[in-house]
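The values are calculated or read from the model by the stated rules, or taken from the named source; none is laboratory data. Since the model is a prediction, treat every value here as computed from it, not as a measurement. Neighbour counts run over all protein chains shown; Cβ positions are idealised from the backbone, glycine included.
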């Protein structure tokens, strides 16, 4: 029970952010604009990959977190 509560405290903020992102992206898609959410998701994914690289390998001023 203790490990589960720690897990939920760490994961729930991410779930909330993901839910908000999905709701916001659904509006333009429902209105017929599928390209804008796709471009935004592509940009966010690129930032995620870049952030992962910087924090895993620690080039320059970034800490190496493994």
* Asked: If you scan the stretch 22-32, which residues turn out to be without any contact (Cβ under 8 Å) to a residue 12 or more places away in the chain and either in contact with a helix residue (DSSP H, G or I) (Cβ under 9 Å, 6 or more places away or on another chain) or over 20 Å from residue 48 (Cβ atoms) (or both)?
  -> 24, 26, 27, 28, 29, 30, 31, 32
* Number of the exception - residue 31 against (1) loosely packed, with under 11 Cβ neighbours inside 10 Å; (2) at pLDDT below 90; (3) at negative phi -> (2)
* To do: Please verify whether the stretch 43-60 includes one or more residues that are in contact with a helix residue (DSSP H, G or I) (Cβ under 9 Å, 6 or more places away or on another chain) and assigned to a helix (DSSP H, G or I).
  => yes
* To do: Pick out the one residue from 58, 51 that is under 17 Å from the mean Cα position of the chain (by Cα) and surrounded by 10 or more Cβ atoms within 10 Å (Cβ to Cβ).
  => 51
